[in-house]
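Here's the structure we're looking at; comments come further down.
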Amino acid sequence: MTTTSERPATSVWKLVPATITRRPGRHAAALQRPAAPREEPKDAPSRPGQPLLLLSIFLIAFGFPLGFGLTSAVFPAVMFLPRYVREVGNSKFVAFVYVGVAAMVVNGLVLHLSDVDVTSIATAGFVTEFTVVQILCIGFIVWVKRYVDVTLILVVYAIGLLLNAVLVAGLSFGDFKYTLSTPLILLVGALAGSKWYAPLAFFAVGAIGMANGARSFAAFAIAAPLLVIIGKFFVSSSRRRGVGRRVILTFVCGGVGYALYTIGTSLLLSGALGEYNRLRTVRQLNETGSLIASARPEWFATFNLMKDDPWGRGPGAVPDAHDLSVARDGLDSGGFLGGGDYVTVYMFGGRYELHSIIADLWLSFGICGLIVGVVILLYILRSTVFELTSQTARPITVFLMVASTWYLMFGPLTSNLPLVCLTVALCISTDMGVRARRKADHAAMHP
């Protein structure tokens, strides 16, 4: 510094043939239909007020720092813990994540105590408390979605992110990439829903992002509605069902991603997307031959650090000359020569910054952190495929899934973990809604 659903869409985008009349896939997103609420016991606590829940969502997104790694997100995460922890019993994945975060803390403590001479207690507390609170918020958001429409959740979350950037981070409204991009796409996506003009709105936001140098953001904003449209065409034309259809769609999406990368690179090099973007792209391609490898070379350093000590360093680890040398060797092997102040000040200036949530989890919490990060990544990828094979997919959901996949691989933990946790919560809520409807349908057919 990581849905209560809306009413079902009454029409399909005009870009999609009206012949789509098949039964919606069994994983149709809960964004469109509410999950059947559980019957509460007679002595259950009263239903929480919607304003209080929306205020809690705002506090999570606002992330006002309270010290020692705690932010304003700690209030809803702790205050409502007895209420939302019951959701663990309804989702095996939530249970896994919570057990995983407990194992991460133990693993991090062992690493910290094994090398106390070169660790920072302040950094250890900051990283541990921040990570634990954000992951706890996954269950809280899943619980909130039972009572609050997803549109309201996203709008309030966007407002919180915007105020965080301006009031906490001290950024200006003129800094589109770091201040306006994510709040704007959340607002546009929440309000447009799955209406016919949603793709046009996303393309417009993507164009604004490209004009302001936010290349990856622009790519996600353009790719999300394209993937939704392709998914709808694929579902309507494919005779395959179940696993086979999802496997084929996975390869189709991979091909679309590669095509977008190739076309985008050509447009950047031609200068069609602005002279600044052209010069930046040329420089990066000259360095490593790949936009991704040059723009995000930190994984070369991470892999070398993993080979040097695969067990991790601990949440308060302080890099030394040996770590810097190992990391430089990795960066050099990837063609990122020198690195200058970016390496010595940003990546290894008194603490580690590997610019990847998964890498940061491994470094701070060892093997347990790596496992949790990779499993979350796989879960989001799986949810993306299920979302695209439904006939109720929304661009904002796909955008969050694609962006979160990127952040897990190439985004700093403290900046991007809250948004990733929001995405995971929406994915879990979708799965729970599907299971609840299937259970209700089964009960109706077999009274």
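The values are calculated or read from the model by the stated rules, or taken from the named source; none is laboratory data. Only a predicted model underlies this, so the values are computations on that prediction, with no experimental measurement involved. Cβ sites come from the backbone with ideal geometry, for glycine too, and all protein chains shown count toward neighbours.
Assorted remarks:
- Checking each residue in segment 206-222 for being under 25 Å from Gly254 (Cβ atoms) and either out of contact with any Leu (no Cβ under 6 Å at 6 or more places or on another chain) or surrounded by fewer than 20 Cβ atoms within 10 Å (Cβ to Cβ) (or both) picks out Gly206, Ala207, Gly209, Ala214, Arg215, Ser216, Phe217, Ala218, Ala219, Phe220, Ala221, Ile222.
Listed here are the residues, each with its yes/no results for (1) of a type outside the set (D, E, K, R); (2) over 16 Å from Ala425 (Cβ atoms).
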position	(1), (2)
Tyr157	yes, no
Ala169	yes, yes
Lys195	no, yes
Gly206	yes, yes
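- Counted residues, segment 327-350 - those being crowded, with 19+ Cβ neighbours inside 10 Å and over 15 Å from Arg296 (Cβ atoms): 2
- Residues within segment 334-359 that are farther than 29 Å from Leu113 by Cβ and in contact with a helix residue (DSSP H, G or I) (Cβ under 6 Å, 6 or more places away or on another chain), tallied: 3
- Residue in segment 112-126 that is assigned to a helix (DSSP H, G or I), touching a helix residue (DSSP H, G or I) at 6+ places or on another chain (Cβ under 8 Å) and either surrounded by fewer than 19 Cβ atoms within 10 Å (Cβ to Cβ) or at pLDDT 95 or above (or both) present: no
- When the residues of segment 309-361 are filtered to those that are in contact with a strand residue (DSSP E or B) (Cβ under 9 Å, 6 or more places away or on another chain) and either farther than 18 Å from Thr414 by Cβ or of a type in the set (D, E, K, R) (or both), the one that is modelled with the lowest pLDDT is Arg351.
- Leu388 vs. criteria of a type outside the set (S, T, N, Q), closer than 24 Å to Asn107 by Cβ and crowded, with 21+ Cβ neighbours inside 10 Å: no
- Looking across segment 247-298, the residues that are of a type outside the set (A, V, I, L, M), in contact with a Lys or Arg (Cβ under 9 Å, 6 or more places away or on another chain) and in a helix (DSSP H, G or I) come down to Gly264, Ser270, Asn277, Arg280, Thr281, Ser294.
- Here Leu388, Leu370, Leu400 are screened, and the one residue that is part of a helix (DSSP H, G or I) and closer than 28 Å to Asn164 by Cα is Leu400.
- Whether a residue is modelled with pLDDT under 90 and loosely packed, with under 15 Cβ neighbours inside 10 Å was assessed, and Val243 passes this test.
- Cys368 meets each of the listed conditions (1) over 19 Å from Leu419 (Cβ atoms); (2) in contact with a helix residue (DSSP H, G or I) (Cβ under 6 Å, 6 or more places away or on another chain); (3) surrounded by fewer than 24 Cβ atoms within 10 Å (Cβ to Cβ); (4) modelled with pLDDT under 95 apart from (4).
- Taking segment 246-270 as the range and being more than 19 Å from Ile222 (Cα to Cα), among the hydrophobic types (A, V, I, L, M, F, W, C) and either surrounded by 14 or more Cβ atoms within 10 Å (Cβ to Cβ) or in contact with a helix residue (DSSP H, G or I) (Cβ under 8 Å, 6 or more places away or on another chain) (or both) as the test, only Ile248 passes.
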